[in-house]
Amino acid sequence: MKYQSTRSLHTASDTEAVLQGIAPDGGLYIDPSIGAWPFDWKGCLEKDSFGMAEQILSALLPGFDDMRGLVEKAYRGKFDTDELTPLVSAGGLHYLELYHGPTSAFKDVALSMLPQLVTAAKKQIKDPTKTLILTATSGDTGKAALEGFHDVEGTKIVVFYPDGGVSPVQRAQMVSQKGANVSVCAVRGNFDDCQRGVKEAFAAIREQKLTEGRGVELSSANSINIGRLAPQVTYYFIAYAKLVKEGCISVGDAVDYCVPTGNFGDILAGYYAKLLGLPVGKLICASNSNNVLTDFLKTGVYDARRPFYRTTSPSMDILVSSNLERLLYLAYNGDTKAVAECMKDLSENGSYKVSDDALAYIQNSFKAGCAGEDEVSRTIEKVWKEDHYLIDPHTAVAVKVAAEYKTDAPVVVLSTASPYKFPAAVLGAIGGDLSGTEFDQMRRLSEVTGTAIPKNLAALDSAEELHKDIINREEILDYVISRFE
Ligand SMILES: *Cc1c(COP(=O)(O)O)cnc(C)c1O
């Protein structure tokens with residue numbers, strides 16, 4: 001058994017871990033010996049992006065047959081470059097552009113791969129049921145999941161979003177989604193209502209065994225699934241290989257990575273790259289005003305009892321970063337009791353404190369900082385005016401924090417979204433006129449900067465609205481059941 005829960009000695013094979021997402025005890029699946037087995041990281045750096053993905057995913061998920069075929073299906077022709085994630089240098093920083101996929105945000109890298117892993121896992125264990133993916137979204141995840149799962153054989157996907165609670169661009173992206181196996185539905189209320197409704201539906205279906213005999217099984221596209229984490233490791237290698245190729249570094253030199261962080265998945269993938277041998281220097285965790293991780297990484301106290309701020313980097317507006325649990329497991333050297341204790345404190349009291357040894361382990365690789373809204377806006381303006389490079393608010397948080405930790409090592413900033421996904425914040429920051437709709441702002445941003453609107457976003461303004469359902473939270477369960485057939 002390759003995988004184990006972070007909270008107990010419960011184990012699962014890698015295919016089971018992908019299909020279950022979360023362990024039955026509420027823990028996250030982790031390979032207890034990650035970092036202890038050999039990995040040819042130097043050989044990996046010599047491959048192209050697809051080859052790197054194949055090698056890394058085969059090592060992390062060895063139970064899957066034909067990983068190359070799955071990688072091809074996930075990525076070939078789906079990204080606007082076969083490099084997948086280009087590295088662009090500007091103003092002394094190296095920007096790893098993770099947003100060249102179908103929805104112009106970094107979640108595409110993982111959510112293109114996950115459906116392939118889910119369907120392959122089902123085939124391998126000869127499970128004939130369909131997988132029904134159920135997701136509540138505050139914006140970005142829903143569309144990336146729809147793009148990943150639409151028309152994938154053996155799957156269906158239902159996405160719920162808060163009515164009036166997502167940006168016009170995000171809504172247009174979702175309601176125009178094509179595919180015979182997709183449903184998109186607005187829920188009256190805010191994101192928390194929507195998410196609670198989906199969790200309740202999940203629980204009711206499990207408890208009452210409502211899927212039995214219906215030929216379908218529920219799953220989620222949540223970022224705690226190991227099938228979402230593993231694909232993200234690849235681009236840390238892609239960036240490093242590019243720096244070698246450009247003569248910036250020699251193989252073996254340390255490179256720091258600065259990551260705009262929410263649920264701690266993206267930055268944890270960087271730590272996995274380090275465990276596989278890649279010479280990762282510091283991993284710099286960048287937060288917005290919701291800076292619970294900054295405090296944790298500096299003090300060892302995780303305290304979620306604090307005000308929640310809505311910011312211009314909404315995908316980082318998170319107070320409970322689920323993927324941190326995997327780092328705790330590693331920091332506690334596999335002591336699942338200690339991890340379970342922390343998680344219990346968090347759910348009962350809203351906070352926990354790690355041991356001095358665990359904190360020292362974490363601080364050996366991680367640094368942290370945060371940026372307020374004014375700083376984000378000024379950073380977008382500065383990078384545009386001085387370096388003539390356009391960044392989105394999430395990336396700007398990372399740029400601001402990277403400056404605090406600049407050493408002699410090159411810094412790669414993970415650029416997680418296209419600036420065109422957040423036209424108001426970006427146009428406002430560079431002093432543009434904000435009148436009109438978000439689509440007007442997009443066009444103006446393009447005119448003012450001479451940069452191109454990504455094709456998928458440009459096409460949205462005139463896209464047909466295919467999904468018009470609006471329901472109350474109490475109706476979510478019936479809605480899901482109606483999608484079983
Ligand atoms: C999801 C997201 C993040 C945060 O990534 P995590 O893996 O949750 O830490 C940052 N930026 C953008 C644009 C995102 O969509």
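State the number of residues belonging to the stretch 258-281 that are over 12 Å from ARG326 (Cα atoms), near the ligand (Cβ under 10 Å from one of its atoms) and not small (Gly, Ala, Ser).
Count: 4.
Give me the helices (runs of 4 or more DSSP H) completely within the stretch 369-485, filtered to those with at least 3 residues that are closer than 30 Å to THR135 by Cα, ordered by residue number. Give the derivation first.
On the way: elements: 373-387, 393-404, 423-429, 438-449, 455-458, 476-482.
Output list reads 393-404, 423-429, 438-449, 455-458, 476-482.
Scan the stretch 65-94 for residues that are farther than 23 Å from SER418 by Cα and in contact with an Asp or Glu (Cβ under 7 Å, 6 or more places away or on another chain) and jot them down.
If the condition is that a residue be farther than 23 Å from SER418 by Cα and in contact with an Asp or Glu (Cβ under 7 Å, 6 or more places away or on another chain), then MET67, ARG68, VAL71 are the ones that fit.
Checking SER112 against (1) away from the ligand (no atom under 13 Å from the Cβ); (2) closer than 24 Å to GLU485 by Cα; (3) within 20 Å of the chain's Cα centre (by Cα), only one condition comes out false. Which one?
Going through (1) away from the ligand (no atom under 13 Å from the Cβ); (2) closer than 24 Å to GLU485 by Cα; (3) within 20 Å of the chain's Cα centre (by Cα) one by one, SER112 breaks only (2).
Output the number of the condition that TYR3 fails; it satisfies all remaining conditions of (1) over 20 Å from the mean Cα position of the chain (by Cα); (2) crowded, with 21+ Cβ neighbours inside 10 Å; (3) more than 20 Å from LYS337 (Cα to Cα).
(3)
Residues in the stretch 452-473 that are within 24 Å of THR395 (Cβ to Cβ), at pLDDT 95 or above and surrounded by fewer than 16 Cβ atoms within 10 Å (Cβ to Cβ): how many?
Going through the stretch 452-473 one residue at a time, the tally reaches 1.
Please state which of the following conditions ALA172 fails to meet, knowing it meets all the rest: (1) assigned to a helix (DSSP H, G or I); (2) of a type outside the set (D, E, K, R); (3) crowded, with 23+ Cβ neighbours inside 10 Å; (4) touching a residue at least 40 places away in the same chain (Cβ under 8 Å).
Among (1) assigned to a helix (DSSP H, G or I); (2) of a type outside the set (D, E, K, R); (3) crowded, with 23+ Cβ neighbours inside 10 Å; (4) touching a residue at least 40 places away in the same chain (Cβ under 8 Å), ALA172 violates only (3).
Quick one: count up the residues across the stretch 101-131 that are assigned to a loop (DSSP other than H, G, I, E, B), touching a residue at least 40 places away in the same chain (Cβ under 8 Å) and either touching a Leu at 6+ places or on another chain (Cβ under 7 Å) or more than 16 Å from PRO419 (Cα to Cα) (or both).
Result for the stretch 101-131: 6.
With respect to ASN181, determine if the residue is free of Cβ contacts under 8 Å to residues at least 40 places away in the same chain, within 22 Å of the chain's Cα centre (by Cα), on the phi < 0 side of the Ramachandran plot and surrounded by fewer than 22 Cβ atoms within 10 Å (Cβ to Cβ).
no
Kindly indicate whether any position in the stretch 337-348 is outside any helix (DSSP H, G or I) and either in contact with a Phe, Trp or Tyr (Cβ under 8 Å, 6 or more places away or on another chain) or modelled with pLDDT under 95 (or both).
no
Could you check the stretch 151-196 and list, in sequence order, the residues that are more than 22 Å from THR129 (Cα to Cα), modelled with pLDDT of 90 or more and of a type in the set (Gly, Ala, Ser)?
ALA172, SER176, ALA186, listed by residue number.
The values are calculated or read from the model by the stated rules, or taken from the named source; none is laboratory data. Predicted, not measured: the structure shown is a model, and the values here were computed from it. Here the Cβ is made from the backbone with ideal geometry for all residues, glycine too, and neighbour counts use every protein chain on show.
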